[in-house]
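I'd like to ask you about the structure that follows.
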Amino acid sequence: MQRRHLLATLASGAALAASPFARAQASYPDQLIKWVVPYPAGGGTDVIARSLAEAMRQTLGQQIVIDNRPGASTNIGADLVAKSKPDGYTIMSADNAVLAFNEHLFGKLPFNPERDFTYIGAIGKFPLALVVNPDFPAKDFKEFLAYVKANPGKVNYASPGNGSPHHLAMELFKNRTGTFITHIPYRGAAPAMADVMGGQVPCMFLDLASGLPIMQGKKVRVLAIGSGARNKLLPDVPTLAEVGVRDAEVFAFQGLLGPAGLPANVVNRLNGDLNKAMSTPAVLKRFADFGMEAMPGTPQQFQQLARAESRRWGPVIKAAGIKLD
């Protein structure tokens with residue numbers, strides 16, 4: 001009886017090992033990997049993904065192709081990945097929108113950011129800074145705050161669009177400072193920046209990835225930065241905390257996701273190769289160009305960050321009454 005049980009166990013184990021799924025996972029990766037970017041080609045998220053994909057290709061030994069799926073505030077790309085086969089051959093760049101904002105901005109999503117993804121690892125974050133047109137009458141943060149308080153509703157601010165990190169950063173700022181500044185949404189960061197530089201709109205929160213060249217070129221005046229410490233690329237710019245705005249750290253973050261149910265060995269392999277890629281000279285240079293802070297770590301740390309950001313921004317979105325559907 002025991003002998004028959006042992007033989008049956010061995011046979012079932014052999015059958016499992018011989019199954020196509022088991023063989024595929026044991027040899028992962030053995031085919032091309034698709035990396036979904038929920039934004040158009042050429043933007044910051046796309047550039048970062050392509051840099052990482054090239055570095056990871058060398059260690060994974062497989063081609064990684066970027067598949068741009070923009071639209072619906074990242075929901076198109078995210079839904080595609082959430083419904084993909086959990087075999088490690090479809091992954092995606094995910095940011096604040098996918099993981100922290102959209103579940104509060106939309107009444108109903110086709111996916112659940114906590115349940116329908118496997119968290120692979122954080123990529124990095126870059127802070128947002130409060131900037132004004134150089135001709136704006138306020139020369140520093142103190143003067144800016146005094147001006148907007150003296151002119152409630154009369155000062156406009158730009159953003160790349162409703163529900164963007166830039167939009168929500170200003171709403172958090174307004175909440176913390178008791179100010180009333182009117183939102184002017186644009187279709188993307190470039191036209192918003194152009195109008196702030198041109199003086200059509202006096203101010204905005206701007207991410208370093210998009211705005212570092214115009215900040216360093218003095219085409220806008222940087223009043224404060226929403227990071228926990230001063231940024232080495234803008235060492236003379238105080239943090240929001242330094243100028244008296246507490247609990248107002250504002251940053252955009254990115255990470256790598258797959259569909260729910262990715263096998264542990266696939267997650268571990270991708271996480272390890274992602275962390276290695278972030279230490280390569282080419283990727284480090286790209287991050288430096290964007291003012292981005294690399295965030296190597298575990299899948300669990302990435303998920304904890306994403307869920308903490310969702311809990312932090314949900315009340316801000318609700319208080320501001322922002323909806324995208």
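Specify the residue with the greatest mean-square fluctuation among PRO38, PRO235, PRO70, computed from a Gaussian network of the chain linking alpha-carbon atoms under 10 Å apart.
Result for the chain, Cα springs under 10 Å: PRO235 fluctuates most.
Please list, in order, the residues from region 257-273 whose amide nitrogen is less than 19 Å from a point placed 7 Å along the Cα→Cβ vector of ILE66.
Residues 257-258 fall inside that zone.
Restricting attention to region 155-262, which GluC sites (Glu not before Pro) occupy a DSSP loop and are surrounded by at most 15 other Cβ atoms within 10 Å?
GLU242
P(r) tail for the chain, what percent of Cα pairs lie past 29 Å?
Here the tail beyond 29 Å accounts for 41 percent of pairs.
Need the list of aspartates and glutamates near LYS125 for cross-linking: C-alpha distance under 15 angstrom, and skip anything on the same chain fewer than eight residues off.
Of all the aspartates and glutamates, those that pass the test against LYS125 - Cα under 15 Å, at least 8 places apart if same chain - are ASP46, ASP95, ASP207, GLU249, ASP289, GLU293, GLU309.
Kindly flag which residue pairs out of LYS142/LYS232; LYS154/LYS318; LYS34/LYS218; LYS108/LYS219; LYS149/LYS318 have an alpha-carbon separation exceeding 30 Å in this structure.
Check vs 30 Å cut-off fails for LYS34/LYS218; LYS108/LYS219.
Could I ask something else about it? Could you tell me which GluC sites (Glu not before Pro) in region 63-160 are loop residues by DSSP with no more than 14 other beta carbons within 10 angstrom of their beta carbon?
Those satisfying the criteria are GLU114.
Normalized C-alpha radius of gyration of region 203-308, against 2.2 N^0.38 Å?
1.28
If you filter region 174-239 for chymotrypsin sites (Phe, Trp or Tyr not before Pro), then keep DSSP loop positions with at most 13 other Cβ within 10 Å, what is left?
Loop-located and lightly packed - PHE180.
Follow-up. Two decimals, Cα atoms only, Kirkwood Rh: what is Rg/Rh over region 110-202?
1.07
Still on this structure, please answer the following. Can you give the translational diffusion coefficient of region 31-77 in µm²/s, computed by Stokes-Einstein from the Kirkwood radius over Cα pairs at 37 °C and 0.692 mPa s?
Once the numbers are plugged in, D ends up at 301 µm²/s.
Between LYS232 and LYS318, what's the calculated FRET efficiency when r is the beta-carbon distance and R0 is 35 Å? Round to 0.05.
Using R0 = 35 Å, I get an efficiency of 0.50.
Starting from the Cα of LYS85, draw a straight line to each of the aspartates and glutamates and keep only those under 18 Å, dropping any in the same chain fewer than 8 residues away.
Straight-distance partners of LYS85: ASP30, ASP67, GLU114, ASP116.
Once the Cβ-Cβ distance between GLN31 and GLN304 is put in as r, and R0 is 35 Å, what FRET efficiency do you end up with, to the nearest 0.05?
For GLN31 and GLN304, the calculated efficiency is 0.65.
Laboratory data are not the source of any read-out in this text; all were calculated from the coordinates shown. Keep in mind the model is a prediction, meaning the values are calculated, not measured. Every residue, glycine among them, receives a Cβ derived from its backbone with ideal geometry; neighbour counts consider all protein chains shown.
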